[in-house]
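A.B. asks: Just passing along the structure, written as structure tokens.
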Amino acid sequence: MEIIEKIKTNKSDDNLTEIQKICLHKLQSSPLPNPKSEKWRLSNKSKLSNFLDYSVNEKDSKFDIPYPKNSQSTIRLIVGENCQIKLLKKNYSIQQLSEDELEKYIKEQISLFKQNENWSDLLNLSLSCKKNILGLKINGSKIPPIEIFSHASSNSLNSKTLVIFLEKNCDVELLQVNLGKENSSLSQSTFFCLKENSSVNHGVISYGKNRSNLLNSLNVIQQKNSAYNLGSLHFKFNYARFEINIKQSTGNAKTNIKGMQITKKDEQISTYTKIEFNGPNGFLDQINKSLADDKSHAIFEGSIIVPKIAQRTDASQLSRNLLLSNLAQIDTKPQLEIIADDVKCKHGATISQLNEEELFYMRTRGVTLAEASKLQLSSYFQEIISFIPISKDKWDLLDKLLNEN
Amino acid sequence: MVNENLVKDAVKEPYKYGFVTDIETEKIEKGLNEDIIKLISQKKEEPNFLLDFRLKAFKKWQKMKEPDWASLGYKKIDYQDIIYYSAPKQKEKISSLDEVDPKLLETFDKLGIPLTEQKKLTNVAVDAVFDSVSIATTFREELADHGVIFCSISEAVKNHADLIEKYLGTVVPASDNYFAALNSAVFSDGSFVYIPKGVTCPMDLSSYFRINSGDSGQFERTLIIAEESSSVSYLEGCTAPMFDTNTLHAAVVELIALDDASIKYSTVQNWYAGDEEGIGGIFNFVTKRGKCLGKRSKISWSQVETGSAITWKYPSCLLLGEESVGEFYSVALTNNLQQADTGTKMIHIGPKTKSTIVSKGISAGNSKNSYRGLVKMGTKATGSRNYSQCDSMLIGDQASANTFPYIKSQQPNSEIEHEASTCRISEDQLFYLQSRGIEFEEAVSMMVSGFCRDVFNQLPMEFAAEADKLLALKLEGSVG
């Protein structure tokens, strides 16, 4: 109940938006997620309570963007910074969703929520005031790359919400960066709606700092012939959860996901994905990588749901994990739930350490063990990083992963 | 395109083991309480330690909740509406098979289980369990010559109490889960096998479980101990008559393998599965676990699951000994409204342990077939390896196939590989076979048998042939 009290004491009832009131009401029946449910059973309870410990903060402090904006055409937005955007160009348009549109869509989504499965979203929408919700409608093609930042402030619990409509035939590249600060918690929920024939290359980079926490949820609805490509990277969080819900509402859509999480020290980072095919001819190719070092814990749970209507679905899911320390642990659970018979579905999972034979080979060629390990790791990382829409000269993620502790 | 009607009209093989043997039985009253447990223990003339074991288990069971995590849909079981002990009436002690009620022998003959000694050629020793008691165990003298003890667990309690006291409940403790606790409280009979040091069991051992009575549950308990450098192959088969009501079967199997010992445990489970409407059938809630205690010990589970309305079964291996090996080969076939939630647990505790999982699920009709498995590498399991492969085949668009593998590793110097796939009977392959003059149903059964080959190869000869035939029969009329 504490969290609800916290939101309420922070604000009088009059200042709460209708969405906040609805979500608070829903949270009242289960103020905390059920620790026995599949989605939360491995989650570190004390870390979650640490997440909720900070006081709610709606104001933003200054923060450093990790790399400069080197191209004039790049569109850069910061959630929470009253950004007014209305770009009406020949080939494309980007504008904010009206308050009514936003409210209507979010309410629709809330009506589909399941208490335990969407706990992170309920928390997010209870916390996010109007200022911290950004709604965008994107139309057209040849759109310059879009960058959207969400960030936390030290010693506080921040909440940011992003709603994006991709109109028909739209094609865009969008990078979302979630930045943690020391001793902070960030709740980030993103709602994506891809209309017919639209396509997006979506990158999500969540980059924390000492003791920062993150609840990151991503809800995607794909209409027919849309293509959703997601490259994601989560690292340097004391506690982070990345929850992905993708629904191909009428099938006939393509989804590609390449995600990675890296845990060190005593961190816990988990990824949960649920991909539902609600129509025929759906396609999914997913790979999730985890690397756990020191005393950390990495978790992946992915489910693919193929009901009877989703004939001729072609879905594959792969979970590849590297366990580098005796005290670290990895849990992985890829799962398939299939009723349709004319489908091709497969999944795989591996957990191992760095390949000894490859290391040996490199050492016989005079490469030191440290260098050889780095080489192997860089090839392991590269597959995912190359899928995130950001160039190496802008922000060298590989260098960050290999050389930062 | 496959002609759906042709297939649906194809002759359906009725469940041929569905007859009831009309025999006088001794039953106790329905319900479960301490007095009932004391009565069962008294009827079996058990020593005090076993009664204590039962009562403790019962107390634990009372505090436990029936698990619901497998999301199996079945109507609530009324545990007070079950008879916990039912036995065919027999004259005093039987000294030879000739004194066994001929009706019983006839029953087992009908089931194709050779109890009479003249059928020695089969070279399989059988322990036949009818409802709550063991009727007969064959080849006992021959086995005794090698020092092998093979008898019903009730006899073992009387004659080898020290072994029972030492090992019973050490692999599956009474508090392990709801159904194991229930079994520990009320188990009636089952088989006991003890293979002494250095002995390779001269023949396959086999248990045959038959539920005959409609209102009694079957709660057998099997305990197999393989001493150092010994080995044994054990087969288990089960059938039940067709009743409109559901019958509960909650068994516990415990295997213990010491240094260099090997146990191969094969099951062909063909309990009555209920009719096409899902009426009747056995609720099969089984806890099977093996402990590889010794170095280089090996436990191998192979199973063909075709029966039961509900199957809830996860034969597991605890790999404690260095370089010990666990294997699990399974074929689970569900049709009509059957539900199977089956898989395995491979818990790697000792160093250099290895495990292999091969699971093949075939779902037809409106059935639900799930693989649920756990592979865990503990902190000391250095150099351990696991390989899992789970394939599902869907027949028709009403059946569901699920895969839930739980994989956990705490040891960097170990490797886990898991792969799963789902497919259906390919029309191209069917067309090819049919164009070569092979009948449609035969072509389907050939393809199913090919799909399951990896598992059938692991079954003992007699079982492999039986399993193949069983699958073909079960699938008849279900392909559309």
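A.B. asks: If you scale each eigenvalue of the Cα gyration tensor by 5 and take the root, what three semi-axes come out for the range A:2-249, rounded to whole angstrom and sorted largest first?
C.D. replies: Computed over the range A:2-249, the values are 28, 20, 18 Å.
A.B. asks: Something else: Could you check what % of the DSSP bridge pairs in chain A are antiparallel, to the nearest 5?
C.D. replies: Antiparallel: roughly 5 percent of the beta bridges in chain A.
A.B. asks: Amide H neighbours of residue B:253 under 5 Å, at least 5 residues apart or on other chains, H built in the peptide plane: list them.
C.D. replies: B:222, B:287, B:288, B:289
A.B. asks: I'd like the distance between the alpha-carbon centres of the range A:335-405 and the range A:87-126, rounded to an integer number of Å.
C.D. replies: When both Cα centres are located, 34 Å separates them.
A.B. asks: Say R0 is 60 Å: what FRET efficiency, to the nearest 0.05, do residue B:277 and residue A:72 get from their beta-carbon distance?
C.D. replies: Rounded to the nearest 0.05, the efficiency is 0.25.
A.B. asks: Starting from the amide H of residue A:255, placed 1.01 Å from N in the peptide plane, find each other amide H under 5 Å away whose residue is 5 or more places distant or on another chain.
C.D. replies: Residues meeting the criterion, in which the H sits 1.01 Å from N, are A:228, A:283, A:284, A:285.
A.B. asks: Find the eigenvalues of the gyration tensor of the Cα atoms of the range A:355-405, then list the square roots of 5 times those eigenvalues as equivalent ellipsoid semi-axes, largest first, in whole angstrom.
C.D. replies: 25, 11, 8
A.B. asks: Using a cut-off of 11 Å between beta-carbons, work out the net charge of the residues near residue B:167 (Lys and Arg +1, Asp and Glu -1, residue B:167 not included).
C.D. replies: My count for the surroundings of residue B:167 gives -1.
A.B. asks: Same structure again: For the range B:291-299, just list the computed ³J(HN,Hα) in residue order, Karplus coefficients 6.51, -1.76 and 1.60, θ = phi - 60°, integers in Hz, with x standing in for Gly and Pro.
C.D. replies: My calculation for the range B:291-299 gives 10, 8, 6, x, 5, 6, 7, 9, 10 Hz in order.
A.B. asks: Give the lysines whose C-alpha is closer than 25 Å to that of residue A:89, dropping any in the same chain fewer than 8 places away, or say none.
C.D. replies: List returned: A:69, A:137, A:142, A:168, A:195.
A.B. asks: Just the projected area, averaged over all directions, of the convex hull on the alpha carbon atoms of the range A:1-141: how many nm²?
C.D. replies: 11.2
A.B. asks: Show which aspartates and glutamates lie in cross-link reach of residue A:344 when reach means a straight Cα distance below 13 angstrom and same-chain residues fewer than eight apart are skipped.
C.D. replies: A:285, A:314, B:391
A.B. asks: Could you sort out which of A:130/A:209; A:400/B:408; A:295/B:408; A:308/B:368; A:107/A:308; A:6/A:26 sit more than 18 Å apart by Cα distance in this structure?
C.D. replies: Cα-Cα > 18 Å for A:130/A:209; A:400/B:408; A:107/A:308; rest within.
A.B. asks: Report the net charge of residues surrounding residue A:133, where surrounding means a beta-carbon distance below 11 angstrom and charges are Lys +1, Arg +1, Asp -1, Glu -1.
C.D. replies: +1
A.B. asks: Report the net charge of residues surrounding residue A:385, where surrounding means a beta-carbon distance below 13 angstrom and charges are Lys +1, Arg +1, Asp -1, Glu -1.
C.D. replies: Summing Lys/Arg as +1 and Asp/Glu as -1 gives +2.
A.B. asks: Is the shape of the range B:216-310 best called rounded, prolate or oblate, per the rule: a/c under 1.5 gives rounded, else a/b larger than b/c gives prolate, else oblate, with a ≥ b ≥ c the square roots of the Cα gyration tensor eigenvalues?
C.D. replies: It comes out prolate by the Cα gyration axes.
A.B. asks: When DSSP beta bridges are limited to those with both residues in the protein assembly as shown, what percentage is antiparallel, rounded to the nearest 5?
C.D. replies: Looking only at bridges with both residues in the protein assembly as shown, the antiparallel portion is about 10 percent.
A.B. asks: Find the Cα radius of gyration of the range B:138-249, compare it with 2.2 N^0.38 Å by division, and give the number to two decimals.
C.D. replies: Compared with the compact-globule rule of thumb, the range B:138-249 sits at 1.16.
A.B. asks: Give the Rg/Rh ratio for the protein assembly as shown, taking Rg as the radius of gyration of the Cα atoms and Rh as the Kirkwood radius, to two decimals.
C.D. replies: Taking Rh as the inverse mean 1/r over Cα pairs, Rg/Rh reads 1.02.
A.B. asks: So how strong a dipole does chain A carry about its Cα centre when Lys and Arg Cβ are +1 and Asp and Glu Cβ are -1, to the nearest 20 debye?
C.D. replies: So the magnitude is around 320 debye.
A.B. asks: Still on this structure: For chain A, what does the helix formula give at 222 nm: sum of -39500 (n - 2.57) over DSSP H segments with n ≥ 4, over the residue count, nearest 500 deg cm²/dmol?
C.D. replies: For chain A, the value works out to -6500 deg cm²/dmol.
A.B. asks: Another question, if that's okay. From the backbone phi of the range B:430-441, what are the Karplus-calculated ³J(HN,Hα) couplings (6.51 cos²θ - 1.76 cosθ + 1.60, θ = phi - 60°) in whole Hz, Gly and Pro given as x?
C.D. replies: Per residue, the Karplus-derived 3J(HN,Hα) values read 4, 4, 4, 5, 5, 5, 8, x, 8, 4, 4, 5 Hz.
A.B. asks: Please label the shape of the range A:309-380 as rounded, prolate or oblate, based on the square roots a ≥ b ≥ c of the eigenvalues of the alpha-carbon gyration tensor (a/c under 1.5 means rounded; beyond that, a/b larger than b/c means prolate, else oblate).
C.D. replies: Taking the square roots of the gyration eigenvalues as a ≥ b ≥ c, the range A:309-380 is prolate.
A.B. asks: Kindly identify the range B:18-431 as rounded, prolate or oblate by the Cα gyration tensor criterion: order the square roots of the eigenvalues as a ≥ b ≥ c, call it rounded if a/c is under 1.5, otherwise compare a/b with b/c, prolate if a/b is larger, else oblate.
C.D. replies: Judged from the Cα gyration tensor, the range B:18-431 comes out rounded (a/c under 1.5).
A.B. asks: Calculate the length of the line joining the C-alpha centroid of the range B:144-180 to that of the range B:328-395, in whole Å.
C.D. replies: If you average the Cα positions of each part, the centres end up 27 Å apart.
A.B. asks: Please go through the residue pairs A:346/B:345; B:65/B:288; B:60/B:380; A:36/A:114 and name each one whose alpha carbons sit more than 27 Å apart in this structure.
C.D. replies: Where the Cα-Cα span goes over 27 Å, the pairs concerned are B:60/B:380.
The numbers here are math on the coordinates, done by the rules we state, and not lab data. Computed from a predicted model, the values in this text were never measured in an experiment. Backbone-built Cβ (ideal geometry, glycine too); neighbour counts: all protein chains shown.
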